[in-house]
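S.K.: Just passing along the structure, written as C-alpha cells.
Each value in this text was obtained by applying a stated rule to the coordinates, not by laboratory testing. Since the structure is predicted, the reported quantities are computational estimates derived from the model, not experimental observations. Note that we place each Cβ from the backbone using ideal geometry, even for glycine, and neighbour counts take in every protein chain shown.
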Amino acid sequence: MSNFGFLHLRVVNPFELSFREARSAVGAAPLLTQAEEFKSLERAVADCSLVVGTTALSRRDPQHPVRNLLQGARLIRKRLCTGRVALLFGSEKRGLSNEDFSHCHWLMQVPTRQEHRSMNLGQAVAVCLYELARDVKSTLAGEKSAFAAAGDLERITSLLLETLEASGYLETHLRSSTPRSAAPAEERIRRFIRRLSLSEADAELLLGMLRQILWKLQTSEERKEKE
C-alpha cells in the first residue's frame with residue numbers, strides 16, 4: 001500500500017494476535033500503526049461512496065457486475081475525484097463471502113490463467129494498487145454530483161426492508177424460495193440499492209419518501225388494531 005501511495009488501511013475483525021505482531025515494509029510502519037479496526041464491514045465502508053469487492057470467481061455465480069482490473073481501475077480513479085472508495089480483499093483461504101459482496105457496488109477481477117485463479121493476498125493487493133496508481137494523470141475530471149456514501153445506502157436498505165415488511169411485500173415476494181432467489185432478502189435489497197448509483201441528494205430524497213410511507217403504513221395498522 002505504501003509503495004503505491006495508499007495510506008488508509010481498514011481491517012474488519014482481524015485475528016488479533018497476528019495483526020498486532022505484523023510487521024510492515026521498511027518505511028511503512030505508520031500505515032500499519034494507524035490502521036483502523038472495525039467490528040463489521042458495514043461500519044468500515046460507511047463513509048465510502050463506492051465499494052468494490054475483489055474476487056477470483058472460482059465456482060461462484062456473481063450477482064454483481066464484474067469488471068476486469070484495467071476497466072475497474074479506470075472507474076475507481078474517476079470516483080476518487082468526488083469521494084472515498086473502498087477496495088475490499090478477503091482472506092487468502094476463503095476470500096469475500098456473499099454477505100460481504102452484498103455491500104459492494106460491483107466486483108473486480110485480476111486477469112489470471114484459468115487453471116490458477118487464486119493469488120497470494122499481498123500480491124493481489126499490490127497488482128490492484130499498481131494499476132490504480134500508474135495512470136493518475138489521465139484521471140477524468142470529477143463529476144458534479146457527489147455519490148451517496150455506503151452508510152446512507154445501508155440506511156436506505158434497512159428502511160426499505162422495514163417498509164416492505166410492513167406492507168406485506170417481503171413475505172409474499174422476496175422470501176419465496178426459488179433457485180434464482182436463494183439469497184437472503186437483505187442481501188438482494190442491498191445489491192439492488194447499490195445498483196441505483198444514487199447521488200447524495202437522491203439518497204436523502206429517497207430516505208424521506210420511505211420514512212413517510214412507513215409512517216403511513218404503521219399509522220394505518222395502529223388504526224386497524226384500535227378498531
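S.K.: If N is the number of residues in the range 2-138, what value comes out of its Cα radius of gyration divided by 2.2 N^0.38 Å?
M.R.: Details: Rg = 14.8 Å, N = 137, 2.2 N^0.38 = 14.3 Å.
Taking N as the residue count of the range 2-138, the ratio is 1.03.
S.K.: Compute a Gaussian network model of the chain, connecting alpha carbons closer than 10 Å, and tell me which residue from Val127, Val110, Val85 fluctuates the most.
M.R.: Largest GNM mean-square fluctuation: Val127.
S.K.: Need the full-extension length gain, Ala25 to Asn98, defined as separation in residues times 0.36 nm minus the C-alpha distance. One decimal, nm.
M.R.: Extra length from Ala25 to Asn98 when fully extended: 23.1 nm.
S.K.: Next question, about the same structure. Please work out how many pairs of lysine residues in the chain are eight or more positions apart (or on different chains) and have Cα atoms closer than 19 angstrom. Before the final figure, lay out the partial values.
M.R.: Working: Lys78/Lys137; Lys78/Lys144; Lys216/Lys224; Lys216/Lys226.
Lysine pairs meeting the criterion: 4.
S.K.: Take Gln63, project a point 7 Å from its Cα along the Cβ direction, then tell me which residues of the range 150-171 have their backbone nitrogen under 16 Å from it.
M.R.: The answer is 154, 157-158, 160-162, 170-171.
S.K.: Roughly how tilted is helix 69-79, in degrees to the nearest 10 and between 0 and 90, from the longest Cα axis of the chain?
M.R.: 70 degrees
S.K.: If you don't mind, there's one more thing I want to ask. Quote the charge dipole size of the range 150-226 about the Cα centre in Debye, to the nearest 20; the model charges only the Cβ of Lys and Arg (+1) and of Asp and Glu (-1).
M.R.: Once rounded to the nearest 20, the dipole reads 280 debye.
S.K.: Right, here's the next one. If one takes the longest principal axis of the Cα atoms in the chain, at what angle in degrees, from 0 to 90 and to the nearest 10, does the Cα axis of helix 200-226 lie?
M.R.: Approximately 30 degrees, to the nearest ten.
S.K.: I want the antiparallel fraction of DSSP beta bridges within the chain, as a percent rounded to 5. Each step should come with its number before you reach the end.
M.R.: Numbers: 2 of 15 bridges.
If I count the DSSP bridges inside the chain, around 15 percent turn out antiparallel.
S.K.: To the nearest 500 deg cm²/dmol, what mean residue ellipticity at 222 nm is calculated for the chain from DSSP H runs of n ≥ 4 alone, each contributing -39,500 (n - 2.57), summed and divided by the residues?
M.R.: Rounded to the nearest 500, the figure is -13000 deg cm²/dmol.
S.K.: Between rounded, prolate and oblate, where does the range 150-226 land on the alpha carbon gyration tensor, with a ≥ b ≥ c its root eigenvalues, rounded for a/c under 1.5, else prolate if a/b exceeds b/c?
M.R.: It is oblate, given that a/c is not under 1.5 and a/b is not larger than b/c.
S.K.: May I pose another question? What is the spin-label model distance, in nm, from His8 to Ala146 if the labels are put 7 Å beyond Cα along the C-beta direction?
M.R.: My value for the distance between the label points is 1.2 nm.
S.K.: What is the spin-label model distance, in nm, from His116 to Lys224 if the labels are put 7 Å beyond Cα along the C-beta direction?
M.R.: Rounded to a tenth, the inter-label distance reads 6.1 nm.
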